[in-house]
Amino acid sequence: MVFLVISPFMPLKSTQRPMVQSRYTQGLNAKLIRVGNPKTTGMVIGMTQSSLAEVDSMKFVESVIAESPDIATMPEVTVKIIDIVENPKSKMEDLHDVIRNDPALSARILKVVNSALYGLPASVANIDRAIVLLGLSAVKNIAIATSMTHLFNGQSGIAGFSLNDIWRHSVGMGVGAKLVYSSRKRPGGDEAFLAGLIADLGMLIERQALGQQMAEVIQHFLEDGGDYCALEQEYMGANHQQFGLAITKQWRFPDAICKTNGYHHDPLSLPVKDRELPMSVYLADVLACRLQVGFCTMPADQPIEQEVINELGMTDGMLASICDQMPEHIRAAEAILNRPEPKIIGRLDHMAC
Ligand SMILES: [Fe+2]
């Protein structure tokens, strides 16, 4: 028997409460076990394991996203960039045309390209040169990353918690994942940067659609700790990975990016062939938590899964080098992406890596 806790005393909007409940009980032969759970003063719905397996939580997640128009609408320029790059008939000029029509985006891309993140020997003055030096795919990923930063603007509406906290941690994950790729001398570091940067996108959906429940999750987490994704599951019926997976699929992001969104807290549950990018972002997430960059869903002393270390072939020296480089690269990325500098209040323990 598995219990789903749905509390009517969670600060659900009256319109959301029946929505959440009915979506979890409809057609599942779920039965009300009792009302008045001591932890949540809510009701507990018990389901058999087989019934739970039938729960189409992605349908629930998709319906929540559909009710979040602000976040569900991908920035227009990002849509255009993805369309161009995914179309085999596209040419480099097509991407250039889109970027050129957005001077602010163009300037940001050049800042990224000329930053310490890429370490190019000479300054790059135009987008064409950037595409030649870094490749179309790299520029696409940089363009998408920079075009999405505005999603993190605004107020969280949650006391003691701001979207900047999510943003700061996201930059940490992006930078860390890129460094994991470069330390392994693997191509695709720019895709890793994008994957890390948007890995917690699902939290933005939660904040918009289920803000009050998210506030409860955060309050509970900050007070008592625990497994953040499990708390989200308990209070909201889904976690940010599921929301992120759904929105990135809806936006037709590459499969590896979607899987990273959906499994960055549990990459080992994926088939081996799909794990590299999710594992790299997972590792970056753990390291960013050790640095205490922004909003961390893991404690600073969270151990790294040994299987991840083994599969990625990370040595103590490689981890120590990443740890050393992360703070500077995070500061560079923050400055480039035009957001406040992150607070780095911890020090990485290299031996712990
Ligand atoms: Fe996450």
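The values are calculated or read from the model by the stated rules, or taken from the named source; none is laboratory data. Here the structure is a predicted model, which means the values were calculated and not measured. Backbone-built Cβ (ideal geometry, glycine too); neighbour counts: all protein chains shown.
Only one of 195, 246 is in contact (Cβ under 8 Å) with a residue 24 or more places away in the chain and within 12 Å of the ligand (Cβ to nearest atom). Can you tell me which?
195
For the range 206-227, which positions are touching an Asp or Glu at 6+ places or on another chain (Cβ under 8 Å), of a type outside the set (A, V, I, L, M, F, W, C) and more than 16 Å from the ligand (Cβ to nearest atom)?
Scanning the range 206-227 gives 208, 213.
In contact with a His (Cβ under 6 Å, 6 or more places away or on another chain) and within 16 Å of the ligand (Cβ to nearest atom), is that true of residue 286?
no
Got a sec? Which helices (runs of 4 or more DSSP H) wholly within the range 212-293 have at least 1 residues that are among the polar types (S, T, N, Q) and modelled with pLDDT under 95?
228-236, 240-250
Considering (1) within 13 Å of the ligand (Cβ to nearest atom); (2) crowded, with 20+ Cβ neighbours inside 10 Å, say which one residue 230 fails and leave the rest.
(2)
From the list 140, 178, which residue is in the same structural domain as residue 336 (by TED's automatic domain parsing) and among the basic types (Lys, Arg)?
178
Would you point out which residue out of 202, 174, 154, 196 is more than 18 Å from residue 276 (Cα to Cα), of a type in the set (Gly, Ala, Ser) and assigned to a helix (DSSP H, G or I)?
Going through 202, 174, 154, 196 in turn, the sole match is 202.
State all residues of the range 96-109 that are part of a helix (DSSP H, G or I) and closer than 21 Å to residue 336 by Cα; if no residue qualifies, say none.
Those that are part of a helix (DSSP H, G or I) and closer than 21 Å to residue 336 by Cα: 96, 98, 99, 100, 103, 104, 105, 106, 107, 108, 109.
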